[in-house]
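The values are calculated or read from the model by the stated rules, or taken from the named source; none is laboratory data. This structure is a prediction, so every number in the text was calculated from the model and none was measured. A quick note on method: Cβ atoms are made from the backbone with ideal geometry, for glycine too, and the neighbour counts reach across all protein chains shown.
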Amino acid sequence: MKLIFLGPPGAGKGTLAALVAGLYKIPHISTGEIFRAAIREKTPLGLKVQAIIDAGQLVSDDITIELVRERLAKADAGNGFILDGFPRTIPQAEALATIVAVDAAVNFDIADGDVVSRLSGRRVCKACSQNYHVDYMRPKVDGICDKCGGELFIREDDKIEAITKRLEVYRAQTAPLIDHYRKAGKLVDIDARPASGVVLESFQKVFPVK
Ligand code: AP5
Ligand code: ZN
């Protein structure tokens with residue numbers, strides 16, 4: 001199963017991708033996560049993209065496409081994958097089509113107001129990147145990751161100015177992909193407003209585990 005997860009920031013793409021990857025035994029490939037790991041490790045890529053990401057803008061198509069091309073060439077992506085947060089522009093979608101044919105683009109549908117409350121309440125584990133939410137997905141102990149005991153932090157791009165910018169960028173550059181994949185007959189809409197267990201059930205109705 002070769003899938004794209006589309007949708008505004010904070011729609012829950014990363015949360016669902018982690019669940020689906022475990023159930024369907026396919027890798028979860030998040031371009032945002034690859035960039036954040038590069039920033040943490042202070043690699044040349046990380047140093048180059050940090051200010052762009054913190055401000056809520058998009059990394060250039062050239063850099064992102066190359067990164068995805070290399071990641072999809074790895075053996076674990078041969079039988080399927082979830083591309084979470086890629087493509088995010090029409091040129092990225094066109095480049096992806098030259099690399100691999102995807103089965104579907106899953107569009108996580110949610111209103112802007114929900115996006116803001118999800119992102120402003122998000123907390124992320126410094127050690128393992130697990131997502132939490134101060135209201136919707138609380139850790140057992142405040143500020144500490146259930147999975148690994150790591151410390152939770154607020155992403156720089158989850159500050160309100162960056163959230164506003166990310167929504168603007170989403171509308172201008174990423175939302176046109178919805179029509180792009182609809183015209184290609186590959187779009188699947190999922191209601192992303194309910195709790196994540198319910199979103200997972202909707203997903204499994206369309207894509208049953210084999
Ligand atoms: P990226 O990491 O992809 O960020 P994003 O698309 O903005 O997505 P998010 O991670 O913010 O949200 P999500 O939909 O995964 O939601 P989540 O599950 O975490 O990209 C970051 C940056 O990298 C970009 O801004 C850009 O600069 C750069 N970048 C990445 N890809 C790029 C590309 N292709 N081209 C150029 N630049 C690129 O959930 C959010 C919160 O809500 C969490 O707290 C979670 O616990 C909670 N939650 C989740 N689901 C539910 C639910 N059903 N009910 C209640 N709460 C929920
Ligand atoms: Zn952790």
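List every residue pair whose Cβ atoms lie under 6 Å apart, where the two residues are 6 or more positions apart in sequence or sit on different chains, the first residue falls within the stretch 117-137 and is at positive phi, and the second residue, located anywhere, is within 14 Å of ligand 2 (Cβ to nearest atom).
Here the result reads none, with nothing in the stretch 117-137 linked to a residue that is within 14 Å of ligand 2 (Cβ to nearest atom).
Please state which one of 38, 55 is over 16 Å from residue 98 (Cβ atoms) and in contact with a Gly (Cβ under 6 Å, 6 or more places away or on another chain).
Among 38, 55, only 38 is over 16 Å from residue 98 (Cβ atoms) and in contact with a Gly (Cβ under 6 Å, 6 or more places away or on another chain).
Looking at the stretch 91-116, which of its residues are at pLDDT below 95 and more than 18 Å from the chain's Cα centre (by Cα)?
Listed by number, the list holds a single entry, 113.
Residue 187 - would you say it is in contact (Cβ under 8 Å) with a residue 60 or more places away in the chain and surrounded by 12 or more Cβ atoms within 10 Å (Cβ to Cβ)? Spell out the reasoning first.
Values: in contact (Cβ under 8 Å) with a residue 60 or more places away in the chain: yes; surrounded by 12 or more Cβ atoms within 10 Å (Cβ to Cβ): yes.
So residue 187 passes the test.
For the stretch 133-174, which residues satisfy the criterion of being within 13 Å of residue 115 (Cβ to Cβ), of a type in the set (Asp, Glu) and touching a strand residue (DSSP E or B) at 6+ places or on another chain (Cβ under 8 Å)?
Across the stretch 133-174, the qualifying residue is only 158.
Exactly one of these conditions fails for residue 153: (1) within 17 Å of the chain's Cα centre (by Cα); (2) within 16 Å of ligand 2 (Cβ to nearest atom); (3) not small (Gly, Ala, Ser). Give me its number.
Unmet condition: (1).
Where residues in the stretch 111-132 are crowded, with 21+ Cβ neighbours inside 10 Å and away from ligand 2 (no atom under 16 Å from the Cβ), which of them is farthest from residue 41 (Cα to Cα)?
Taking the candidates together, the pick is 115.
Any residue at all in the stretch 32-54 that is within 8 Å of ligand 1 (Cβ to nearest atom) and of a type in the set (Gly, Ala, Ser)?
Yes, there is a match, as at least one residue in the stretch 32-54 is within 8 Å of ligand 1 (Cβ to nearest atom) and of a type in the set (Gly, Ala, Ser).
So, in the stretch 125-161, exactly how many residues are aliphatic (A, V, I, L, M), assigned to a strand (DSSP E or B) and at pLDDT below 95? Let's see the steps before the verdict.
Quick first cut of the stretch 125-161, residues aliphatic (A, V, I, L, M) only: 127, 134, 137, 141, 144, 152, 154, 160.
Checking the rest, the ones that are also assigned to a strand (DSSP E or B) come to 137, 144, 152.
Now narrow it down to the ones that are at pLDDT below 95: 137.
Residues meeting the conditions: 1.
How many residues does the stretch 107-123 contain that are near ligand 1 (Cβ under 8 Å from one of its atoms) and in contact with a Leu (Cβ under 9 Å, 6 or more places away or on another chain)?
So the answer is 2.
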